[in-house]
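What follows is calculated from the coordinates using simple rules that are stated; it is not laboratory data. Small disclaimer: the values here were computed from a predicted structure and weren't measured. Backbone-built Cβ (ideal geometry, glycine too); neighbour counts: all protein chains shown.
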Amino acid sequence: MTPGDLLASLFPNGHEIINENGLLLGSARLGRNGKALVIGVSGGIPLGVDEAIRLSGHVLASPGSDTGPIIVIVDSDSQRMSKRDELLGLNEFLAHLAKCLLYADMVCRPTIGILYGHTAAGAFLATALATRVLVGLPGADPAVMDLPSMSKVTKLSIEVLQEKAKSTPVFAPGLENLAQTGAVHLLWDEKKALADQLDELLRDLPDAADKRGDLGQARKGRLKAGPIAERVYELAVAR
């Protein structure tokens, strides 16, 4: 699915979204006469300091201007691995973008990630995974860390990791595995109008509390995260 096809199916009532060398910036009209802020990364580009600060600025300008959702559309590479970006503090720029999305979601603008292509590593964490809920389209190819990189970090062979991935979704890239862990909230059907599916999601949008641990437990893909987080919360409140 091309970015143009995606936007046409999501926003049949029209949009004012521009594509600046892979960055999506603008707004769109929703079915119930509402309006959404739209940002995104398309075309499989990497996310570097320049892109992150543009997206952050677009988000920060929005909380006082409207109350509609912020929709984050993602088809990216990983973060840009260049000496310039690293020296400028790429990790801080990516963290800033994630915090801007979290802030907007807390104050008045619910955030929804839509993953339709590839994404990985820091770019994935700072965009799609920083939203309240993340939906995936068929063919999406997310990975928090690919297996060769994971092999370097863990010192385990790729063969061992591939075997673990068969029974443990947290070891495995891919849309179905991330849905099983609770990171992906919903899988959409691209044969149906995306606008209708978006409208249904907006009607039943979960509250701002992070539900991914609960989803991972219910789907048997991440059994411990939800109970441990709940126990930590209980201990913190008790103090």
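In summary, the helical segments of the chain meeting the span-like criteria, namely a full DSSP H run, a Cα extent along the axis of 18 angstrom or more and a mean Kyte-Doolittle hydropathy of at least 0.0, are 90-107, 225-238.
For the chain, the convex hull drawn through the C-alpha positions has a volume of 146 cubic angstrom per residue. Take every Cα pair under 8 Å whose residues are at least 6 apart in sequence, average their separation, divide by the length of region 63-164, and the relative contact order is 30 percent. For residue 164, a cut-off of 20 angstrom between C-alpha atoms picks up these lysines, skipping any fewer than 8 places away in its own chain: 152, 155, 220, 224. Taken along the Cα-to-beta-carbon direction at a fixed 7 Å, the label points for residue 5 and residue 229 span 3.4 nm. Rounded if a/c is under 1.5, else prolate if a/b beats b/c, else oblate: with a ≥ b ≥ c from the C-alpha gyration tensor eigenvalues square-rooted, which is region 1-113? It is oblate, given that a/c is not under 1.5 and a/b is not larger than b/c. When you restrict to C-alpha pairs under 8 Å that are six or more residues apart and normalise by the size of the chain, the relative contact order lands at 15 percent.
Once the C-beta distance of residue 187 and residue 211 is scaled by a Förster radius of 25 Å, the resulting FRET efficiency is 0.95 to the nearest 0.05. Net charge dipole, region 117-239: roughly 540 debye, given to the nearest 20, about the Cα centre with Cβ charges of +1 for Lys and Arg and -1 for Asp and Glu.
In the chain, the DSSP-assigned H stretches of four residues or longer account for a calculated mean residue ellipticity at 222 nm of -12500 deg cm²/dmol, using -39500 (n - 2.57) per stretch and the full residue count as denominator.
Cross-link reach is defined here as a Cα-Cα straight distance under 27 Å, omitting same-chain residues fewer than 8 places apart; for residue 192 the lysines meeting it are 35, 211.
Projecting the Cα atoms of 179, 165, 198 onto the dipole axis of region 149-211, where Lys and Arg carry +1 and Asp and Glu carry -1 at the beta carbon, places 165 farthest toward the positive end. The slack in the chain from residue 162 to residue 88, taken as 0.36 nm per residue of separation less the alpha-carbon distance, amounts to 23.1 nm.
Straightening the chain between residue 20 and residue 50 buys 9.6 nm, computed as 0.36 nm per residue apart minus the Cα-Cα spacing.
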